[in-house]
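First up is the structure itself, then whatever we jot down about it.
The values are calculated or read from the model by the stated rules, or taken from the named source; none is laboratory data. From a predicted model like this one, the values you see are computed outputs, not experimental measurements. Ideal geometry is used to build each Cβ from the backbone, glycine not excepted, and the neighbour counts take in all protein chains shown. Side chains included, ligands, DNA and RNA excluded: accessible areas come from the protein's heavy atoms. Shrake-Rupley method; radii C 1.70, N 1.55, O 1.52, S 1.80 Å.
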Amino acid sequence: MNAASDNAQTARKLLAGASCWVLTDGKAGDVAPCLGLAQALGLHVEQRVVRPRALFALLAPRGPIDPVERPGAPSSPIAPPFPQVLIASGRRAIPYLRHVRRASGGKTFTVFLKDPRIDTHVADVVWVAEHDRPRGDNVIATLAAPHVVTQAALAEARANPDPRIARLPEPRMALLIGGESRHYSFHEKDEISLVGVVESMILSGAGAMITPSRRTPQHLLARLRGVCADAPKHTFLWDGTGANPYVQMLAHASTIVVTADSTNMVGEAIATDAPVMIYEPTGGNPRLTRFIRALVVDGRARRWNGRLESWPCASHDDTEAIADEVARRYALFRAHS
């Protein structure tokens, strides 16, 4: 063990079992990275959800907390006792993070995930993706966000396959679909292309596993349901009921196709050892283009070009490296508090 990893392990011992709030407005794309980091650090997690009224949501991240959610209010999401660690994500959570940091007398160690869109010193540590611009003495930048798709979770899924997945013929393709966002839209041509991915797997005699998100357009879902209904032995489409076998799909996929609108899903896909192809719906923006380009240059992913491809690749997961650096900074925080 080298000195850096030895120091990281020592720092992690200080954090293990510490009380932690995961503070978000409940969006899955914010909750998942926070839980991934908290899990990697071995923290005792309590999820807190902020629900500021429209005016205060509009004023975030620079404005105050909504007074109806102040610490002394009934059902306040930031009611004390304050935790040892607070991990937050999403601009609406920033005023609350700032309030807890101040109200705790600076004793709560604060971590913010993603670009805060304001001074990065709003938290003790800020993590951003490399394709985002913020940098600073308290900023950690990595290619992908932290997440819960660990090698242990994938191994557990392979050892105990979900019957809905196990019945499908091999090889199996996982199709991870996001949805409408500020930067991407799913037009007719996008729906035809994504349905075509599933149809190609069916025609080859392979299996197709499909998971949509809450943002997936209903018209696209209807088309996918129709294709799957015609080939039930070759397809599984999660319909939103019961547990989402998302990790099962990742664990049992020979190839993964993921839509570019969700960097979280892309990051989770590349944590497997399966080839990952990124489908870019209509639209895009420069920062997401930088992210995709970095993955392609690294050889970890390829852009969807109309057909499935396979190539040797290894998993890419930045979660442990992020956790090590957060732990190191927590040790420094403790030493100076």
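Which of the residues that make up the stretch 306-336 are outside any loop (DSSP other than H, G, I, E, B), among the hydrophobic types (A, V, I, L, M, F, W, C) and in contact with a Ser or Thr (Cβ under 8 Å, 6 or more places away or on another chain)?
Residues satisfying the conditions are 321, 322, 331.
From the residues in the stretch 293-304 that are in contact with a strand residue (DSSP E or B) (Cβ under 8 Å, 6 or more places away or on another chain), free of Cβ contacts under 8 Å to residues at least 40 places away in the same chain and not basic (Lys, Arg), which one is surrounded by the most Cβ atoms within 10 Å (Cβ to Cβ)?
301
For (1) exposed (fewer than 13 other Cβ atoms within 10 Å of the Cβ); (2) touching a residue at least 24 places away in the same chain (Cβ under 8 Å), each residue gets a yes or a no:
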position: 136; (1), (2): yes, no
position: 141; (1), (2): no, no
position: 147; (1), (2): no, yes
position: 157; (1), (2): no, yes
position: 169; (1), (2): no, yes
position: 185; (1), (2): no, yes
position: 189; (1), (2): yes, yes
position: 211; (1), (2): no, yes
position: 217; (1), (2): no, yes
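Return only the number of the condition from (1) of a type in the set (Gly, Ala, Ser); (2) closer than 18 Å to residue 138 by Cα; (3) open to solvent by 10 Å² or more (accessible area, probe 1.4 Å) that residue 89 does not satisfy.
(3)
If we scan the stretch 113-122, do we find a residue that is open to solvent by less than 70 Å² (accessible area, probe 1.4 Å) and out of contact with any strand residue (DSSP E or B) (no Cβ under 9 Å at 6 or more places or on another chain)?
yes
When both residues are 6+ apart or on different chains and their Cβ atoms are under 9 Å apart, which pairs have a first residue that lies in the stretch 11-38 and is free of Cβ contacts under 8 Å to residues at least 40 places away in the same chain, and a second that is among the polar types (S, T, N, Q) and open to solvent by 30 Å² or more (accessible area, probe 1.4 Å)?
Listed pairs, sorted by first residue: 26/47.
Among the residues of the stretch 252-274, which ones are of a type in the set (D, E, K, R), part of a loop (DSSP other than H, G, I, E, B) and either within 13 Å of the chain's Cα centre (by Cα) or crowded, with 24+ Cβ neighbours inside 10 Å (or both)?
261 - this is the single residue of the stretch 252-274 that is of a type in the set (D, E, K, R), part of a loop (DSSP other than H, G, I, E, B) and either within 13 Å of the chain's Cα centre (by Cα) or crowded, with 24+ Cβ neighbours inside 10 Å (or both).
Mind telling me which of the residues 290, 334, 328 ends up being within 20 Å of the chain's Cα centre (by Cα) and surrounded by fewer than 22 Cβ atoms within 10 Å (Cβ to Cβ)?
Of 290, 334, 328, the one residue that is within 20 Å of the chain's Cα centre (by Cα) and surrounded by fewer than 22 Cβ atoms within 10 Å (Cβ to Cβ) is 290.
Could you run through the stretch 289-331 and say how many residues are farther than 28 Å from residue 252 by Cβ and either of a type in the set (Lys, Arg) or touching a His at 6+ places or on another chain (Cβ under 9 Å) (or both)?
5
Among the residues of the stretch 146-161, is any polar (S, T, N, Q) and either assigned to a loop (DSSP other than H, G, I, E, B) or closer than 27 Å to residue 228 by Cβ (or both)?
Looking for residues that are polar (S, T, N, Q) and either assigned to a loop (DSSP other than H, G, I, E, B) or closer than 27 Å to residue 228 by Cβ (or both), one finds at least one in the stretch 146-161, hence yes.
Residue 201 is checked against (1) assigned to a helix (DSSP H, G or I); (2) open to solvent by less than 10 Å² (accessible area, probe 1.4 Å); (3) in contact (Cβ under 8 Å) with a residue 40 or more places away in the chain and fails just one. What number does that condition carry?
Going through (1) assigned to a helix (DSSP H, G or I); (2) open to solvent by less than 10 Å² (accessible area, probe 1.4 Å); (3) in contact (Cβ under 8 Å) with a residue 40 or more places away in the chain one by one, residue 201 breaks only (2).
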